[in-house]
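Quick note: the coordinates plus some simple rules give every number you see, no bench work behind them. Everything numeric in this text was worked out from a predicted model, so none of it was measured. A quick note on method: Cβ atoms are made from the backbone with ideal geometry, for glycine too, and the neighbour counts reach across all protein chains shown.
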Amino acid sequence: MSNGIPEPDYAKLPAGTRFKVGAVGAALADMVLLKDADQVGVTGKTTSYSQVTRLIDTDHKYMAQMSEGEDKSFRFLDAGETDQDLNDFLKSSERKETKAVLIEWPNKRYALMNIVLGGWAHEEPDKTNAMYLTVAGKQNGLVRGFQKAPTIKTQPQDATAADGNAVGFTVEPTDDDVNVQWQEKPSGGSWTDITGEIGYTLSMTAETAKDGNQYQAVVTNLYGSASTDPATLTVS
């Protein structure tokens with residue numbers, strides 16, 4: 001008899017997880033698959049807390065600090081000189097470079113990290129097992145999401161304001177693993193980026209010269225981009 005709780009057939013084994021590396025800011029197509037990755041360690045970010053208890057308080061009070069990056073240890077099957085991509089990664093580690101590391105899991109999640117590399121070492125040899133090596137690093141930034149182009153949850157709406165008054169437009173992406181660039185299109189013109197306007201809200205002062213102008217946000221992540229519906233400014 002069904003109790004209304006579905007079977008967990010959505011569960012996935014980590015088989016098929018892909019480890020990619022590239023320069024910081026690299027496009028997905030420019031990242032290199034390291035096929036000999038074996039372990040990637042804990043991936044995420046958590047915060048610690050500072051105590052802010054006052055004399056008047058009868059229980060301890062806390063505030064969240066900035067997120068702390070994970071210490072990373074990446075394990076690889078040592079393919080010797082046959083895996084040039086891995087050897088290039090080891091060279092970057094010896095030079096203590098910062099690299100973008102992308103992990104794509106089979107359940108369609110991904111994590112994109114900036115990793116400050118800090119050398120590598122061979123593991124203790126075992127006569128009955130293959131040779132492995134580990135690369136040390138420190139997580140220095142993390143973006144997480146799903147392996148798909150972004151979608152828009154809330155579109156910017158048309159706005160009306162008097163000349164000289166403040167006015168704004170807001171977009172809400174479905175997920176937060178995105179970059180936003182606002183664009184403007186004058187009457188009879190074409191779309192151009194608005195310098196410095198990269199947040200979820202575009203704020204401006206209404207001007208008669210902008211009456212009828214349209215505004216849209218281009219939302220981008222590692223896997224693609226989406227543009228909002230245009231919103232029109234009416235200046236009264």
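List of remarks:
- Using C-alpha pairs under 8 Å with a sequence gap of at least 6, the mean separation divided by the residue count of the chain gives a relative contact order of 16 percent.
- Remark: spin-label model distance Ile56-Thr205 equals 4.1 nm, labels positioned 7 Å along the Cα→Cβ axis.
- In this entry, the range 1-136 is assigned a mean projected area of 15.7 nm², taken as a quarter of its C-alpha convex hull surface.
- 29 Å Cα-Cα threshold exceeded, pairs from Lys35/Lys72; Lys148/Lys210; Lys35/Lys138; Lys153/Lys185; Lys12/Lys61: Lys148/Lys210; Lys12/Lys61
- Rounded to whole numbers, the Karplus 3J(HN,Hα) couplings from phi for the range 32-38 are 10, 6, 9, 5, 9, 5, 10 Hz, using 6.51 cos²θ - 1.76 cosθ + 1.60 with θ = phi - 60°, and x at Gly and Pro.
- Cα centroid separation - the range 14-38 against the range 106-132, whole Å: 12 Å
- Equivalent ellipsoid semi-axes - Cα gyration tensor, the range 1-73, angstrom: 38, 27, 11
- Each other residue within a Cβ distance under 13 Å of Thr98 adds +1 if Lys or Arg and -1 if Asp or Glu, for a net charge of +4.
- Proxy reagent accessibility, fewest Cβ within 10 Å first, across Lys45, Lys99: Lys45, Lys99
- Over the range 108-236, Cα pairs under 8 Å with separation of 6+ residues give a relative contact order of 25 percent.
- The range 179-236, relative contact order [Cα under 8 Å, separation at least 6], %: 36 percent
- With Cα atoms, 0 to 90° folded angle of helix 84-94 axis to the chain main axis: 80 degrees
- Counted by Cβ distance under 12 Å from Gly69, the other residues give a net charge of 0, where Lys and Arg count +1 and Asp and Glu count -1.
- Of all aspartates and glutamates in the structure, the ones whose alpha carbon falls short of 18 Å from that of Lys91, not counting any fewer than 8 places away in one chain, are Asp36, Asp78, Glu81, Asp83, Glu123.
- Cα coordinate range in the chain, projected on the principal axes (Å, largest first): 81, 58, 56
- When the helices of the chain are scored as -39500 (n - 2.57) per DSSP H run of n ≥ 4 and the total is divided over every residue, the value at 222 nm lands at -1500 deg cm²/dmol.
- Ordering Ser93, Ser50 from the fewest to the most neighbouring beta carbons within 10 Å gives Ser50, Ser93.
- q = 0.13 Å⁻¹: log10 I(q)/I(0) that the Debye formula gives for the range 152-235, counting C-alpha atoms only: -0.38
- For Val52, net neighbour charge (Lys/Arg +1, Asp/Glu -1) across residues whose Cβ lies under 12 Å away: 0
- Note on Thr46, Thr220: ascending count of other Cβ atoms within 10 Å places them as Thr46, Thr220, the fewest first.
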